[in-house]
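Data first, discussion second: the structure below is written as structure tokens.
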């Protein structure tokens with residue numbers, strides 16, 4: 001990153017885009033200039049993946065036997081909301097890119113090519129290893145991969161979010177995390193055409209009406225008896241955080257940018273936190289992915305609005321604010337940089353560590369918590385090591401090819 005300080009602003013923005021880091025476009029607002037990279041958003045991405053890591057790590061090992069352990073387990077499992085934070089952030093960043101490029105030549109070609117270079121190499125390399133190479137190894141631990149057999153198409157065609165809910169088939173273990181990537185891919189295939197073809201003034205109402213319509217769909221499907229897993233993973237029932245993030249990107253390009261909505265964003269953020277806290281207390285701390293009517297419908301909307309308001313505050317932080325310093329702290333930036341690979345590799349990493357060290361078999365002073373903490377740390381370090389390795393071997397070389405698909409000025 002230090003080499004970027006010696007080049008001009010446009011070249012710097014281009015280099016950061018190729019590196020896959022967060023940028024924003026639109027009117028300048030305090031602390032950031034137009035097309036400038038926003039390190040704070042990399043910190044937000046790092047926070048999101050940490051939520052996922054803690055949730056999956058504790059879920060993989062903790063067998064709560066005391067009230068304290070049960071409370072920790074319940075609170076930690078709320079980390080599922082990290083996926084929704086990824087969705088909101090993706091909607092915000094992608095829509096900002098699309099709005100900046102919608103009138104330029106090769107708009108669709110450049111966008112789709114750059115998205116493919118960001119997502120496909122590591123995704124398909126993972127499928128190649130898991131669905132083709134590992135089943136060739138005659139070990140019992142890979143029997144579930146061999147059992148997938150002819151059902152691999154769900155993964156190769158980015159339909160894995162419907163695999164579990166549409167088929168009563170063998171478990172997919174660590175491949176289960178790929179469902180959210182499928183939702184984002186479906187969004188990337190449709191939203192660029194919408195931004196390209198519709199008048200700009202229609203986009204914000206479309207995002208807001210769409211988010212409300214998704215809530216209505218969840219309500220209708222809940223009354224119709226659809227299972228909670230379907231409502232959690234289906235593209236049509238989970239696309240509202242992407243639309244809300246897109247709405248924020250559109251507001252950012254309006255006169256005055258996001259900062260004029262900052263007082264409202266703060267109030268909304270506090271209100272959403274209160275609603276989720278009430279839910280946590282009313283359910284004795286149990287994590288929020290439940291099968292109640294609220295948990296399957298309105299809760300997802302509350303979480304999406306919570307993170308939209310959070311993002312509005314983050315991009316409005318003043319340069320010297322504590323919030324900016326927190327979001328740009330080194331640990332969050334590191335996890336943000338490798339978040340994509342960490343998301344793919346975290347479950348297999350925890351399972352690998354568990355094959356050598358099961359915290360459920362270790363207690364200190366009658367508590368599993370020290371062993372659980374060591375397990376989560378070890379699994380995170382393994383995932384981070386894999387992420388750094390694949391960054392240099394797969395992601396970075398492919399991201400360098402984005403230079404052939406730069407947005408062209410008229």
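Since every read-out is calculated from the coordinates, none of them should be taken as a lab result. The structure displayed is predicted, hence computed values, not measured ones. Cβ sites come from the backbone with ideal geometry, for glycine too, and all protein chains shown count toward neighbours.
Details
- Between residue 321 and residue 193, the contour length at 0.36 nm per residue exceeds the alpha carbon distance by 42.3 nm.
- With a Förster radius of 51 Å applied to the beta-carbon distance between residue 260 and residue 364, the computed FRET efficiency rounds to 0.45.
- Theoretical FRET efficiency, 1/(1+(r/R0)^6), r = Cβ-Cβ of residue 334 and residue 213, R0 51 Å, to 0.05: 0.85
- Against the chain, whose longest principal axis is taken from its Cα atoms, helix 67-76 shows a tilt of about 30°.
- Full-stretch length increase - residue 393, residue 270 - with 0.36 nm per residue and alpha-carbon distance subtracted: 40.0 nm
- Summary value for the chain: 31 percent relative contact order, contacts being C-alpha pairs under 8 angstrom separated by 6+ residues.
- Projecting label points 7 angstrom from Cα along Cα→Cβ for residue 223 and residue 236 puts them 1.6 nm apart.
- Helical runs assigned H by DSSP (4 residues or longer) give the chain a calculated mean residue ellipticity at 222 nm of -20500 deg cm²/dmol, each run adding -39500 (n - 2.57) before division by the residue total.
- Directionally averaged shadow of the range 323-410, computed from the convex hull of its alpha-carbon atoms, nm²: 9.2
- Sorting 296-305, 144-153 by their mean Cβ neighbour count within 10 Å, with the most densely packed peptide first, gives 296-305, 144-153.
- Ranked by the mean number of other Cβ atoms within 10 Å of their residues, highest first, the peptides 379-390, 43-54 come out as 43-54, 379-390.
- Cα Rg over Rh - the chain, Kirkwood: 0.95
- Cα gyration tensor, the range 325-365 - rounded (a/c under 1.5), prolate or oblate: oblate
- Degrees between helix 9-18 axis and first principal axis of the chain (Cα, 0 to 90, nearest 10): 30
- Label point of residue 141 set 7 angstrom out along Cα-Cβ; within the range 325-369, amide nitrogens under 18 Å from it belong to 345-361.
- Inter-probe distance in nm under a simple model that places probes 7 Å from Cα toward Cβ, at residue 280 and residue 127: 3.7
- Residues in the range 117-149 reached by a label modelled at residue 167 [backbone nitrogen below 16 Å; 7 Å Cα→Cβ]: 127-128, 130-132, 135, 143-149
- Degrees, to the nearest 10: 240-252 long Cα axis against longest axis of the chain: 30
- What the Cβ-Cβ distance of residue 75 and residue 103 gives, at R0 = 30 Å and to the nearest 0.05, is a FRET efficiency of 0.05.
- When the convex hull of its Cα atoms is viewed from all sides, the range 65-126 shows a mean projected area of 6.2 nm².
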